[in-house]
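This report concerns only the one structure given below.
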Amino acid sequence: MIKVVVQSDDFDSSIETHALSASSKGIGGIVSFTGFVRNINQDDPVSSLFLEHYPGMTEQQIKEIVTEAIKRWEVVAATVIHRIGELYPGDQIVFVAVASPHRGDAFAASEYIIDFLKTKATFWKREKVGTASRWLDSRQSDFDAAARWDIK
């Protein structure tokens with residue numbers, strides 16, 4: 001089971017985790033990651049973050065990332081929820097959960113998915129800093145994290 005959702009609404013990670021755990025009796029563990037909007041970036045105070053995406057294409061890119069993780073590790077189910085729209089410091093922005101018979105596979109697949117969400121999924125991010133706003137690009141550290149998975 002793969003669930004990929006891009007939405008403006010908030011999500012409840014406990015509901016999502018419960019749904020994953022109910023998907024199979026072969027699950028030995030679930031690893032999840034929830035990302036939040038920070039109140040500071042590049043030493044500047046951030047008042048909000050606006051995210052846009054390319055509907056249909058972004059979801060397909062995320063499904064391809066999850067499918068590749070499933071090929072690499074023993075994964076029973078995975079959920080990725082990414083929010084769009086205007087978000088504020090402390091708001092949830094992304095949820096990734098991976099269910100697997102073994103914790104090592106769940107940890108690795110979850111980390112892989114997050115690393116490639118940051119570099120391969122089409123999201124445009126604009127943050128408000130004081131009275132100004134700026135568009136954000138992927139950071140070199142994001143590309144370095146993804147590169148360790150030896151993707152050509």
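Every number in this text was worked out from the coordinates using simple rules, so none of it is lab data. As the structure is a prediction and not an experimental result, all values here were calculated from the model. Don't worry about glycine lacking a Cβ; one is built from the backbone with ideal geometry, like all the others, and counts go over all protein chains shown.
Can you show me the helix-derived [θ] at 222 nm for the chain, built from DSSP H runs with n ≥ 4 at -39,500 (n - 2.57) apiece and divided by the number of residues, rounded to the nearest 500. Show your work: numbers first, answer last.
Working: 4 runs with 51 residues, N = 152.
Per the formula, -10500 deg cm²/dmol.
Short version: ³J(HN,Hα) in whole Hz for each residue of segment 64-71, in order, from phi by Karplus 6.51 cos²θ - 1.76 cosθ + 1.60 (θ = phi - 60°), x for Gly and Pro, what are they?
Computed from phi, the couplings for segment 64-71 are 5, 5, 5, 4, 5, 4, 5, 5 Hz.
In the chain, what % of DSSP beta bridges are antiparallel (nearest 5)? Write out the running numbers ahead of the final one.
Numbers: 30 of 36 bridges.
If we restrict to bridges inside the chain, about 85 percent are antiparallel.
By how many nm would the segment from residue 60 to residue 39 lengthen if fully extended, with 0.36 nm per residue of separation less the alpha-carbon distance?
Numbers: separation 21, 0.36 × 21 = 7.56 nm, distance 3.01 nm.
That pair, residue 60 and residue 39, stretches by 4.6 nm at full extension.
What length, rounded to one decimal in nm, is gained on full extension from residue 9 through to residue 150, with 0.36 nm per residue of separation minus their alpha-carbon distance? Before the final figure, lay out each step's value.
Working: separation 141, 0.36 × 141 = 50.76 nm, distance 3.44 nm.
Gain in length upon complete extension: 47.3 nm.
For a 20 Å ceiling on Cα separation, which of these pairs sit above it: 3/128; 3/25; 25/118; 3/118; 25/63? Could the numbers behind the result be given before it?
Working: 3/128 31 Å; 3/25 18 Å; 25/118 31 Å; 3/118 18 Å; 25/63 23 Å.
Over 20 Å apart, Cα to Cα: 3/128; 25/118; 25/63.
Assuming R0 = 30 Å, can you tell me the calculated FRET efficiency for the pair residue 103 and residue 143, based on Cβ-Cβ distance, to the nearest 0.05? Don't jump to the answer; show the numbers that get you there.
Values: r = 27 Å, r/R0 = 0.91.
Once the sixth-power term is evaluated, E becomes 0.65.
For residue 28, list long-range residues whose amide hydrogen, built 1.01 Å from N in the peptide plane, is under 5 Å from its own amide hydrogen.
Answer set, sorted by chain and number: 100, 102.
Neighbour counts of other C-beta atoms within 10 Å: give me 64, 111, 16 arranged from fewest to most. Don't skip to the answer; put the middle values down first.
Details: 64 14, 111 18, 16 21.
Final ranking by Cβ density, sparse to dense: 64, 111, 16.
For each of 14, 100, count neighbouring Cβ atoms within 10 Å of the residue's Cβ, then give the residues from fewest to most.
Working: 14 9, 100 26.
Ascending number of Cβ neighbours within 10 Å: 14, 100.
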